[in-house]
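Worksheet for the structure shown next.
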Amino acid sequence: MFRRPAFGLAELSWRWSFGVACWLLLTFTIWQYLDTLPVTSGDLLLLDTRNPVLILEAIAHIFRGSGFRFVETMLVLVLALAIGWMFVGAVARGAAIKSMLADFAESALATAGSSGNSGMGALLGLNFLRFAATLAAAMGCVAAFLLARIVSPASNPAPGSAFLVFLTVLLLVWMAWSVLNWFLSLAAIFTVMDGQSSFSSLLSAVTLCRQRSGSVLAVGTWFGLGHIAAFVLASSVAGFLLGLAAFLPPGIVACGLVLVTLLYLAVVDFLYAGRLAGYIAILKSPEQSVSGARIYPELQPGAAVDRDELILSDLPQQA
């Protein structure tokens, strides 16, 4: 992260560019949707009364009958953004991993391209699986809300049990999504490095975690602690700014919160790039065995054997 900050800047640039494009597209879509809503003279009259009840009645009349059109618009927007993220993420992730491989070894690019497969199709497949997992997690959150309503019906309300069920299901869904998303992110390294398919790279990621579990756990733990520290620091600064809201203008407080959020997101992007480089370093470093070559190098295959050295079979009495 500190020796090659360009990797973190590249991660930050493509993520933020896509994020800004998403916000602009969302803003434009909502603006166009609001522009299609009919506003009658009666609605304007109710809005000018400054009576909360009459204003709500006017707003309800303006939006009446347009809910289905808004849902259709959001579905089209989400689908378009998902397709765009799959392609942009595949290109950006492939370029980042190739650059990291070239930084770790001069022949890494030749090794990655030796199979004749650039890995773009496999990266698109992994991004599609990540989108599908995210969509399934969103449906799981809706299911948690529905289960909470079943546990606490209107005839026999039980808010405590409903909240416990909702929180438990939500936690399980989040854990399942996090683990699957992590494996899909790790599998992208194998698609670029070895030209493997989507499912083969996912299997290789599982194999790496089984064979080098200590190293993988170390990388994940240290960068996870760094992420938690950044979150705690950003939350503390945001709380301090909110505490000053009574003494500072709202605009200054809002700008401060936006700045803290952007700095936190920048640190997270740098941590993600560093963690990805850590996993590549594990793959590029040879595995050391405690009971193998490090202690008994002469027992390894291909090791030179001194035929003049006495062994126990040559001295049966001493044996």
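Scanning segment 64-89 for residues being over 30 Å from residue 123 (Cβ atoms), surrounded by 12 or more Cβ atoms within 10 Å (Cβ to Cβ) and among the aromatic types (Phe, Trp, Tyr) gives a total of 1. Report, by residue number, each residue of segment 135-160 that is among the aliphatic types (A, V, I, L, M) and part of a loop (DSSP other than H, G, I, E, B). Selection gives 154, 158.
So that you can scan it fast, the table gives a plain yes or no per residue for (1) on the phi > 0 side of the Ramachandran plot; (2) at pLDDT 90 or above; (3) under 23 Å from the mean Cα position of the chain (by Cα); (4) of a type outside the set (Lys, Arg):
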{"position": "192", "(1), (2), (3), (4)": "no, no, yes, yes"}
{"position": "201", "(1), (2), (3), (4)": "no, yes, yes, yes"}
{"position": "230", "(1), (2), (3), (4)": "no, yes, yes, yes"}
{"position": "243", "(1), (2), (3), (4)": "no, no, no, yes"}
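Inside segment 35-58, residues that are surrounded by 13 or more Cβ atoms within 10 Å (Cβ to Cβ) and assigned to a helix (DSSP H, G or I) make up a count of 7.
Take the conditions under 30 Å from residue 97 (Cα atoms), outside any helix (DSSP H, G or I), of a type in the set (S, T, N, Q) and modelled with pLDDT under 85 and apply them to residue 317. Does it pass?
Numbers: under 30 Å from residue 97 (Cα atoms): no; outside any helix (DSSP H, G or I): yes; of a type in the set (S, T, N, Q): yes; modelled with pLDDT under 85: yes.
No: the conditions fail for residue 317.
Among the residues of segment 176-184, is there at least one that is over 27 Å from residue 89 (Cα atoms) and of a type in the set (S, T, N, Q)?
No - not one qualifying residue is present in segment 176-184.
Count of segment 102-143 residues, restricted to those that are modelled with pLDDT of 90 or more and either under 30 Å from residue 165 (Cα atoms) or of a type in the set (Phe, Trp, Tyr) (or both), is 16. Kindly list the number of the only condition in (1) of a type in the set (Phe, Trp, Tyr); (2) over 29 Å from residue 130 (Cα atoms); (3) without any contact (Cβ under 8 Å) to a residue 24 or more places away in the chain that fails for residue 68. Of (1) of a type in the set (Phe, Trp, Tyr); (2) over 29 Å from residue 130 (Cα atoms); (3) without any contact (Cβ under 8 Å) to a residue 24 or more places away in the chain, only one is false for residue 68: (2). Taken residue by residue, segment 250-258 has at least one member that is modelled with pLDDT of 90 or more, more than 27 Å from residue 2 (Cβ to Cβ), touching a helix residue (DSSP H, G or I) at 6+ places or on another chain (Cβ under 7 Å) and among the aliphatic types (A, V, I, L, M). Residues in segment 205-221 that are without any contact (Cβ under 8 Å) to a residue 40 or more places away in the chain and surrounded by fewer than 19 Cβ atoms within 10 Å (Cβ to Cβ): 206, 207, 209, 210, 213, 214, 217, 218, 221.
The values are calculated or read from the model by the stated rules, or taken from the named source; none is laboratory data. Not measured: the values here are computed from a predicted model. Heads up, the Cβs are rebuilt from the backbone with ideal geometry, glycines too, and the neighbour counts pull from every protein chain shown.
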